[in-house]
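Since the structure comes first, as structure tokens, the remarks are kept for the end.
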Amino acid sequence: MPIFTSLDSRGPISGSLLSMLNTLPGEDPDIGTDLLLDTVRSVRDAPDILSDEDLQLALLILYSLHYGGLGNWDPRWEWQAKPLSIRLVIEERFESVLRGLLPVPDLPPAEAEAVAAELFKLTAEDSSPSVSKYVARQASVEQAREIVVHKSLYTLKEADPHSWAIPRLQGRAKAALVEIQADEYGGGRPDQVQATIFAGTMRGMDLSDAYGYYVNHLPALTLASFNMMSMFGLHRRLRGATTGHLAAFEMTSSISNRFYGNGFRRLGYGADVTWYFDEHVEADAVHEQIAGRDLAGALAEDEPDLLPDIIFGAQACLYMDSLTGAHLLDTWNREESSLRQPLSESVALP
Amino acid sequence: MSSQQRSSPSITACPDGLLLIRGDIELLTGTGDEITRKRKTIALCRCGASTIKPHCDGTHKLINFTTDNPQEPAAKPTEKSTTGSSTTDLQETVSDELGTERRTPSS
Ligand code: FES
């Protein structure tokens, strides 16, 4: 039986949502009606939905109904009309804000090699401040633990958000996505599942590896990065964005994981902690090629209408990375914690 | 893309990067020892700058490795580099990029 961390609400929407989920579906037919109207208003008035603590937490909770792992709620909530409607209201604005911020550039021809080249170019041009370089050179133990906590929201579910797209792709693109994901899921060896290896990293740093243990610590931007992947993955129409996101994610991974591995070694951590990062240096050099050419590239050839979304997904990945990276480096430069509340010295494992 | 059977091995020469190896293929060191293969599909370095040879670690992107062949033989056969910077310069740039610590291949 998993132990769930009690989630702190961050405003009226996440607060009312948590109250609703603590009831049984159907118990009160009117429950959620006011919440839906309040969400419409809150979404409309939100100055910046990407950093809106209340709405991003609500979205995270709503997605967790599909993934599991965040609360001991009645599982039938997953397919109830109210939570789904609330989710759609938030997603609509979330997606339109991202699209507004990231106009699609000149598109390459819808040919696998050209699409891969464009994705490599986009990710190489990305000039976002490098958190991994900071970790390699100067991060403190406390900052290293913070970065692992930020990463844990996705990495303890590594590969899952993109896997939603598997049945939504066909042929070459499907085979390529499965080829990558099979490797992420350990190629049939449970001890090699990337999320499991990352859990070892967390334990090695005296952190809890229980999913959701640190959600109350994580700022909206970290939630938004994960929410964006879930939004892309859970909407079939956004499968192009999922493939572009995964390609950009893999293309920016092998070198930064080398920096992380070196940083954690500099701080004195052993192979139990660095295994995850070292593993990704080799793995993602493979994955980025498959993701660029055989996944995103083949999808563009097979479904050329999806090409703009493939590029959008890649841009969105880089953009959210740059926002979270800037947040981390800004707070650390001010000698503050990058989390909503600093980590305690040591954590009692549940 | 090829229409070959999944079981037959293939090598994809990725532009400006590695060689992607799929399928059943024996991977040996110069002395004939088997190189352990941790995953089904693997990437072999062909830029020479990887820190986990024979595998690729993505360094080819940092050194702007290109697989384009020069239009005309720009360099005499005795000159190794056609890029203008020596291997040592590149190594220094890369090692500076990566900070002082280098990863040991065996970890
Ligand atoms: S080909 Fe990738 S590091 Fe050499």
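The values are calculated or read from the model by the stated rules, or taken from the named source; none is laboratory data. What you are looking at is a predicted structure, and each value in this text was computed from that prediction instead of being measured. Don't worry about glycine lacking a Cβ; one is built from the backbone with ideal geometry, like all the others, and counts go over all protein chains shown. All accessible areas refer to the heavy atoms of the entire protein, side chains included, with ligands and DNA or RNA removed. Shrake-Rupley method; radii C 1.70, N 1.55, O 1.52, S 1.80 Å.
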Query raised in the report: With all protein chains present and a 1.4 Å probe, how do A:Ser225, A:Ser19, A:Ser208 order by accessible area, largest first?
Result: A:Ser19, A:Ser225, A:Ser208
Query raised in the report: What are the extents of the Cα atoms of the range A:12-101 along their three principal axes, listed from largest to smallest and rounded to whole Å?
Result: 40, 26, 18
Query raised in the report: Amide H neighbours of B:Ile42 under 5 Å, counting only residues 5+ apart in sequence or on other chains, H built in-plane at 1.01 Å?
Result: B:Ile21
Query raised in the report: Ignoring ligands, DNA and RNA, how do A:Lys157, A:Lys151 rank by accessible area with a 1.4 Å probe, largest first?
Result: A:Lys151, A:Lys157
Report task. Once every Cα of the range A:136-185 carries one equal point scatterer and solvent is ignored, give the base-10 log of I(q)/I(0) from the Debye formula at q = 0.24, 0.26, 0.28 Å⁻¹, two decimals. Result -> -0.84, -0.91, -0.99
Report summary line: Distance in nm between A:Asn22 and A:Asp330 label points, each 7 Å along Cα→Cβ, equals 3.3
Query raised in the report: Heavy-atom accessible area of A:Glu78 with all protein chains present, probe 1.4 Å, nearest 10 Å²?
Result: 50
Report task. Please list A:Tyr154, A:Tyr269, A:Tyr185 in order of solvent-accessible area, largest first, computed with a 1.4 Å probe with all protein chains present. Result -> A:Tyr185, A:Tyr269, A:Tyr154
Query raised in the report: Which cross-chain or sequence-distant (5 or more) residues have an amide H under 5 Å from the amide H of B:Ile52, H modelled 1.01 Å from N in plane?
Result: B:Asp57
Query - For A:Arg203, solvent-accessible area (1.4 Å; no DNA, RNA or ligand), Å² - result: 120
Query raised in the report: Regarding the range A:168-308, what whole-number volume in Å³ per residue does the convex hull of its Cα atoms give?
Result: 121
Requested in this report: Per DSSP H run of at least 4 residues, take -39500 (n - 2.57); add these up for chain A, divide by its residues and hand me the 222 nm value, nearest 500 deg cm²/dmol.
Outcome: -19500 deg cm²/dmol
Requested in this report: Please give the solvent-accessible surface of A:Arg293 in Å², to the nearest 10, using a probe radius of 1.4 Å with every protein chain present.
Outcome: 10
Query raised in the report: Can you give the Rg to Rh ratio of the protein assembly as shown, both from alpha-carbon atoms, with Rh computed by the Kirkwood formula?
Result: 0.98
Query raised in the report: Each residue of the range A:292-303 in order: what ³J(HN,Hα) in whole Hz does its phi give by Karplus 6.51 cos²θ - 1.76 cosθ + 1.60, θ = phi - 60°, with x for Gly and Pro?
Result: x, 8, 7, 8, 5, x, 5, 4, 4, 5, 6, 9
Report task. Would you please give the FRET efficiency between A:Gln192 and B:Glu34, computed as 1/(1 + (r/R0)^6) with r the Cβ-Cβ distance and R0 = 25 Å, to the nearest 0.05? Result -> 0.80
Query - Free-standing Cys, the protein assembly as shown [no other Cys Cβ under 4.7 Å] - result: A:Cys317, B:Cys14, B:Cys47
Report summary line: With x for Gly and Pro, the residue-by-residue ³J(HN,Hα) of the range B:49-55, computed from phi through the Karplus equation 6.51 cos²θ - 1.76 cosθ + 1.60 at θ = phi - 60° and given in whole Hz, is 9, 4, 9, 10, 4, x, 7
Report task. Set Lys and Arg Cβ to +1 and Asp and Glu Cβ to -1, take the dipole of the protein assembly as shown about its Cα centre, and tell me which of A:Phe94, A:Ala144, A:Ile13 lies farthest positive. Result -> A:Ala144
